[in-house]
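Note sheet for the following structure.
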Amino acid sequence: MKENRLIPYLIVFIPLALVLLASFFIGSFYLEKVAKHFNFTKEQAIKEHLDAKRAKSLMWTKQLDLLFDYRYKSIEEEINQELLARVNLASRNIKQIHEKYKNKKSFAEIQSRIIDTLGNITDSEGREYIFATDYNGNSLLLGSQKRDKKSLADYMDADARSIILEELHLARKKGEVILRSRDAQTLESELILVRNLEAYKLIYGTSIRSVDKQHELKSSLLEMVQSIPVDKGDFIAIFDANKAMYVSSVGEKRLSKNEIATIKENLQQVPQWHERVIEGYQYYTTYSKDLDWYLVYGFDTFAMSSQELQKQKKLEKVLDEEFDLIIKISALIVIFVMTLSLLLSRKINKIFNHYQNEVEKRRAELQELNRSLEERVANEIHAHRQKDKMLIQQSKMAEMGDMLSMIAHQWRQPLNQISYVFMNIDSAYEYKELSKEYLELKIKEGNEQLEFMSATIDDFRNYFRPDKEKEAIYVSDVVKKSIALMQNSLDMSGIEIEQISEGNEVSTLYKNEFMQVLLNLIKNAKDALLDNKTRNPKIVIKSKMTKDSFEVLVCDNGGGIDKAILEKIFDPYFSTKDQKQGTGLGLYMSKMIIDEHLGGKLSVYNSQYGACFKIEI
């Protein structure tokens, strides 16, 4: 108890002591390191700032290079889209002509109409842009391909490529292809989209020269670079084919013509840093192959060094002032925490004692509850099990009427046979043919029938007897016995039943309860077959046994269970039959016997032909 009384004080004073101790060591460590820190900062300041400038230069050049590349590729994408739109328009016109004249005009007439129609497709300025060439390289329609020769097979572009033959070959091979070429006279680059029209032995397409849009792009990008603000001492420059196109205003003021010429002389297509080319400057260069531009970003190292030193002096002063402020605030906080701790210690002690008393009281109540809980749980479990057993037995008794009907079916044939034996004895006596041997034979036949009837009564009597202990049984034998009890009833209803068994392992379970489930499932299958008036009704019971478990399937060909009620089929008092024909307890009790008493699982699903009940134990 003494230790418990000290807990409130420990809660207050231990954190306080830790705060004071931490404040002392942190302050001492900071005072020792602060001088070294600022000396190191002064030495590293210029280098760090130069590195930052280099990173900024690298960032700007790379971002601009990426922007140049993106804008250039977007122009090509725009050209590709325009090419595709033109050729798709031509394809729609070709399709309309083909559909209109395919069974009315000759091949040559349809081809001629196609060429005429393609020649009428023009742009906003009235210029034809669709060309057509036959498979021999003869020009059928020039369009955007303004060539001097009618036969284009020998045409060579600026790169000495037989571009027309390439168009023919690739279009016939792939159906559609985009090519890049340079005009043999103007050397201007163009994109060509060609599509194959195999039905009429020709290819058609269009081309667009990219030089005009490239000039527009360069003008736009140059204006954008000129609008970029740069820091004092930094400069941006762009060289086109080693010619200075633009140098930012800061660079023009700080760099002489000779220094700009030196930069131009050292330009290379490989991105690289230049640190000693111009005294007092560092700059980074990169090359855009698509635009044939050199991009330069640099800075004045001396100007940055003096600025950084000034900033470091200001920073040192500010940090010293902040350190003094932190020391004063820390001292005030420690004093405040100490005062507050002393004031709150009594209150905390009172609250702690109150909660300690409450905990002791709750602990005593919990111990009392735990003492009675096990006994109450055991009683409830025992009562639940007794209730389940009574419900199972009541379910059996509720089925007694069906069982009596089965006994009547089982006894009908033996009684007829005994009556036939009596008739044989009477006839033999009447005609003086009754001998001792004949009488003994008939008595034996009668006794066999009586033994069968007695065995039937024993089987049904055992079925209604509650199980006391589990038995080691063969599942196939229990299935066979259950079928035997229902056989005559099924025969009278014209229902075929088949048993399939796999494995020969012994299982330990409550035999009569398991048989009750099987009889319920067989009877349900019989009722479903009769209610649905199934042709060639049949029930198949398949059992599969292994060393550790077994499985029984009871399936019929009655069409299955409505999906709307499939999940409710095992609910208590739920029945698909009339109230006079069913209580709704059969499948519920079967589910409870398998899942709770036998430790297994009973489920149902619809097969291709009907319902299947699956027992897994």
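Rounded to the nearest Hz, the phi-derived 3J(HN,Hα) couplings of region 438-445 under the Karplus curve 6.51 cos²θ - 1.76 cosθ + 1.60 (θ = phi - 60°) are 5, 5, 5, 4, 5, 4, 4, 4, where x marks glycine and proline.
One chain, two ends: ALA17 and TYR355. Fully extended at 0.36 nm per residue, the span grows by 119.1 nm beyond their Cα-Cα distance.
Between GLN81 and LEU142, the contour length at 0.36 nm per residue exceeds the alpha carbon distance by 19.8 nm.
Computed with every protein chain present, the accessible area of THR122 is close to 60 Å² [probe 1.4 Å].
For LYS547, the lysines whose Cα falls under 28 Å of its own Cα, not counting residues fewer than eight places away in the same chain, are LYS468, LYS470, LYS480, LYS481, LYS511, LYS591, LYS601, LYS614. When nucleic acids and ligands are ignored and a 1.4 Å probe is applied, TYR101 ends up with an accessible area of around 40 Å².
With all protein chains in place and ligands, DNA and RNA left out, the 1.4 Å accessible area ranks TRP293, TRP411 as TRP411, TRP293, largest first.
Give, in nm to one decimal, the length gained when the segment between MET59 and ILE425 is fully stretched (0.36 nm per residue of separation minus the Cα-Cα distance). Mind dumping the intermediate values first?
Values: separation 366, 0.36 × 366 = 131.76 nm, distance 12.07 nm.
This chain segment gains 119.7 nm when fully extended.
Principal semi-axes of the equivalent ellipsoid, √(5λ) from the alpha carbon gyration tensor of region 85-174, are 24, 16, 12 Å from largest down.
Ranked highest first by the average count of other Cβ atoms within 10 Å around their residues, in what order do 524-535, 65-76 fall?
524-535, 65-76
Largest to smallest in accessible area, the residues HIS169, HIS274 fall in the order HIS169, HIS274 (1.4 Å probe, all protein chains included).
Placing pseudo-labels 7 Å out from each Cα toward the beta carbon at ARG276 and GLU375 gives an inter-label distance of 9.9 nm.
Annotated for region 133-260: lysine pairs at least 8 residues apart or interchain, Cα distance under 26 Å, count 20. Here's the list of lysines a cross-link from LYS328 could span, going by alpha-carbon distance under 23 Å and ignoring same-chain residues fewer than 8 apart: LYS33, LYS36, LYS314, LYS317. Sorted largest first by accessible area at a 1.4 angstrom probe radius, with every protein chain in place, the residues ARG276, ARG371 fall in the order ARG276, ARG371. Projected label points at ILE326 and ALA261, each 7 Å from Cα along the beta carbon direction, are separated by 5.7 nanometres. Counting only protein heavy atoms and using a 1.4 Å probe, the accessible area of ARG92 comes to about 140 Å².
The values are calculated or read from the model by the stated rules, or taken from the named source; none is laboratory data. Everything numeric in this text was worked out from a predicted model, so none of it was measured. Counting neighbours? That spans all protein chains shown, and the Cβs are built from the backbone with ideal geometry, glycine included. The area values use the complete protein model at the heavy-atom level, side chains included, leaving out ligands, DNA and RNA. Shrake-Rupley method; radii C 1.70, N 1.55, O 1.52, S 1.80 Å.
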